[in-house]
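Heads up, the thing below is written out as structure tokens.
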Amino acid sequence: MSADLQATNSGLSGAAWTERYSGAVMNTFGPPQRVLVRGEGCYVWDADGNRYLDLLAGIAVNALGHAHPFLVAAVTAQLASLGHVSNFFATAPQIALAERLLDLIDAPSGSRVFFTNSGTEAVEAAFKLARRTGRTGMVAAEGAFHGRTMGALALTHKPAYREPFEPLPGGVVHIPFGDVEALEAAVGAGTAAVVLEPIQGEAGVRVPRADYLPAARRITEQAGALLILDEVQTGIGRTGAWFAHRHPDLHEHVTPDVVTLAKGLGGGIPIGAVIALGDGPANLLGPGQHGSTFGGNPVAAAAALATLHVIERDGLLANATAMGSRIAHALLAGGHRGIGTVRGEGLLLGIVLTAPVAARTRELLLESGFIVNSVDVDVLRLAPPLVLTAEQADSFVEALPRALDRALGEAP
Ligand code: PLP
């Protein structure tokens, strides 16, 4: 074993790893909460041997949990036979995955898929596709998060993310999320596309009214603009449906022009996708107009095929629905003074607190063995593996009040 590989197995403490991290890794994320060394199912272990129930799943990524045997076997077999080719060539997993995604989304004929390595790249590709309409206007929502590359960042709303990098690609306006009149006023003859999340994840798990996306569809259609739905966080079973915009309890039926995916798609292996629905949108990007060295890589595609297979085989859409409502109902029934409401769908939940103690509650939960994240000062987000069990869900429901009591007790 090389010295470098030995170093990763050396049994160093979390504190020692963290010191090495800060001396070597660029400080874009702040200090890590823990250094993790191993995962299995819904649990991960840190360098000091502590176990955590992972209710964040790498931010809505590890759909099958950690080290799922079917995913490990699929990736291992693919890597052992053909690990990478350039896009001058095609591979069976890439083709099969594109077909499978078109099938899952019930795509009209002429639809096509473009593969990327991340969510931001999927949004970037969708942005470029929209520019090929010949129009330059883009409409996105306040609170939106679409990624960090310059085009995706232009669609992202948060000033703290945007301002240090201006000027960003122009032509983007942000309108209040869920406001049909504002959308109607913003979309016109110069609008190339409206970009929306079916549930705003990073903004604190915000769910629009069921008629919002159909209104966006009507408005874009009338203006001859594209409707792009960013399902990077909400897609691939997260809400209990393959795609959140298709969830019958969330949204009235709508067929967008473009859907972006990533996160859960590869079950932990980086892959993203842009699905262009119908031959109009699908033909907007032609030969040479976009590309990616790794996009559609056969190992990533094999991981995605395995993830989709297990989600279907093991009934994980139904499990996401059942576990999500189990947690939401139990938390609300508990009537804790610190819990205002629970919003979201399936296993994308925002626990809205009655005081701005989300960050402290997250810390206390971590100390007691639960990983969640604070997505706003008063909102905790859960996005656990879709394989979460009832027992695991209940253990969190039991632990949260204790952490909340302490956080509220410490609050000024
Ligand atoms: N779009 C949405 C809706 C997201 O939630 C995210 C990430 O959180 C992105 C895009 C960016 O994805 P990535 O971090 O894979 O680049």
Out of Gly14, Gly39, Gly65, Gly58, I need the residue that is among the small types (Gly, Ala, Ser) and out of contact with any strand residue (DSSP E or B) (no Cβ under 7 Å at 6 or more places or on another chain). Which one?
Gly58
Right, Ala130: within 16 Å of the ligand (Cβ to nearest atom) and either buried (at least 20 other Cβ atoms within 10 Å of the Cβ) or free of Cβ contacts under 8 Å to residues at least 40 places away in the same chain (or both) or not?
yes
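The rows are residues; the columns are (1) exposed (fewer than 14 other Cβ atoms within 10 Å of the Cβ); (2) in the same structural domain as Gly143 (by TED's automatic domain parsing).
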{"position": "Gly291", "(1), (2)": "yes, yes"}
{"position": "Ala301", "(1), (2)": "no, yes"}
{"position": "Leu308", "(1), (2)": "no, yes"}
{"position": "Thr361", "(1), (2)": "no, no"}
{"position": "Asn373", "(1), (2)": "no, no"}
Residue in the range 55-71 that is loosely packed, with under 13 Cβ neighbours inside 10 Å, at pLDDT 95 or above and part of a helix (DSSP H, G or I) present:
yes
For the range 98-126, give me each residue that is among the β-branched types (Val, Ile, Thr) and either within 16 Å of the ligand (Cβ to nearest atom) or without any contact (Cβ under 8 Å) to a residue 12 or more places away in the chain (or both).
Thr116, Thr120, Val123
From Thr136, Thr156, Thr120, which residue is over 22 Å from Glu184 (Cα atoms) and β-branched (Val, Ile, Thr)?
Thr120
Would you mind telling me which numbered condition in (1) without any contact (Cβ under 8 Å) to a residue 24 or more places away in the chain; (2) within 18 Å of Pro108 (Cβ to Cβ) Glu181 fails?
(2)
In this structure, is Ile95 within 16 Å of the ligand (Cβ to nearest atom) and either surrounded by 13 or more Cβ atoms within 10 Å (Cβ to Cβ) or in the same structural domain as Val387 (by TED's automatic domain parsing) (or both)?
no
Go through the range 141-192 residue by residue and tally those that are surrounded by 15 or more Cβ atoms within 10 Å (Cβ to Cβ), away from the ligand (no atom under 15 Å from the Cβ) and more than 27 Å from Leu284 (Cα to Cα).
4
Which one of the conditions (1) in the same structural domain as Val173 (by TED's automatic domain parsing); (2) more than 24 Å from the chain's Cα centre (by Cα); (3) not in a helix (DSSP H, G or I) does Val113 fail to meet, given that it meets all the rest?
(2)
Could you tell me how many of the residues in the range 193-221 are within 16 Å of the ligand (Cβ to nearest atom) and touching a His at 6+ places or on another chain (Cβ under 7 Å)?
3
The residue that is nearest to the chain's Cα centre (by Cα), considering only those in the range 265-276 that are of a type outside the set (Gly, Ala, Ser) and crowded, with 23+ Cβ neighbours inside 10 Å, is Leu265
Looking at the structure I just gave you, is Asp394 touching a residue at least 40 places away in the same chain (Cβ under 8 Å) and surrounded by fewer than 15 Cβ atoms within 10 Å (Cβ to Cβ)?
yes
Test for Val85: is it of a type in the set (A, V, I, L, M, F, W, C) and more than 19 Å from Ser292 (Cβ to Cβ)
no
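The values are calculated or read from the model by the stated rules, or taken from the named source; none is laboratory data. What you see is a predicted model, and the numbers here were worked out from it, not measured in a lab. So basically every Cβ, Gly included, is an ideal-geometry build from the backbone, and we count neighbours across all protein chains shown.
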